[in-house]
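One structure is given below, encoded as structure tokens.
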Amino acid sequence: KPRHNKTFGGLALDANLKSRNAEARCGVQVIDLRTGDAVHWLRMEGMVDELYDVVALPDMRRPMALGFKTDEIRRVLSIDA
């Protein structure tokens, strides 16, 4: 989603969304680099406004590290494929 502050305000994204009468969304798309197609996507709503980093971990399936001292463990979303 666009940030409305001095550093990131006024980006082309803001004008593009406004011209389409659209709202920004927070999510992740998986792009096939051979074709340029979006082959999977995940849209995040609610408490998540921004992603800071996404990493692909080769040969890993459902890696995670959760703490028990906070309530984050109650908000985990797990999707089995």
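Here, each number is a calculation from the coordinates, and none is a lab measurement. The shown structure was predicted, so the numbers you read here are calculated from the model rather than taken from an experiment. Every residue, glycine among them, receives a Cβ derived from its backbone with ideal geometry; neighbour counts consider all protein chains shown.
Couple of notes before you dig in:
- Listed residues Ala38, Leu51, Asn21: farthest to the positive end of the dipole of the stretch 12-75 (Cβ charges): Ala38
- Using the Cβ-Cβ distance between His4 and Arg61 with R0 set to 35 Å, the FRET efficiency from 1/(1 + (r/R0)^6) comes to roughly 0.40.
- Shape of the stretch 32-75, Cα gyration tensor, a/c cut at 1.5: oblate
- Computed about its Cα centre, the charge dipole of the chain is approximately 180 debye, with only Lys, Arg, Asp and Glu carrying charge at their Cβ.
- Taking Ala56, Ala38, Ala22 in turn, the Gaussian network model of the chain (Cα-Cα springs below 10 Å) assigns the largest fluctuation to Ala56.
- Sequentially through the stretch 52-67, phi angles give Karplus couplings (6.51, -1.76, 1.60; θ = phi - 60°) of 9, 6, 9, 10, 9, 10, x, 6, 10, 10, 6, x, 6, 9, 10, x Hz, Gly and Pro residues having no value and appearing as x.
- Per-residue HN-Hα couplings for the stretch 13-29 [Karplus 6.51, -1.76, 1.60; θ = phi - 60°; Hz; x = Gly/Pro]: 4, 4, 5, 4, 4, 4, 5, 9, 6, 10, 10, 6, 10, 9, x, 10, 10
- Cα gyration tensor shape for the chain, rounded if a/c is under 1.5, else prolate or oblate: oblate
- Length gained when the stretch Arg34-Leu51 is fully extended (0.36 nm per residue, less Cα-Cα span): 3.6 nm
- Amide H partners (placed H, <5 Å) of Cys26, local residues excluded: Met44
- Fluctuation leader among Leu17, Leu57, Leu42 - the chain, Gaussian network, Cα springs under 10 angstrom: Leu57
- One decimal place: the segment Glu72-Ser19 gains 15.3 nm when fully extended, by the rule 0.36 nm per residue minus the C-alpha distance.
- Mean separation of Cα pairs under 8 Å and 6 or more residues apart, divided by the residue count, gives the chain a relative contact order of 18 percent.
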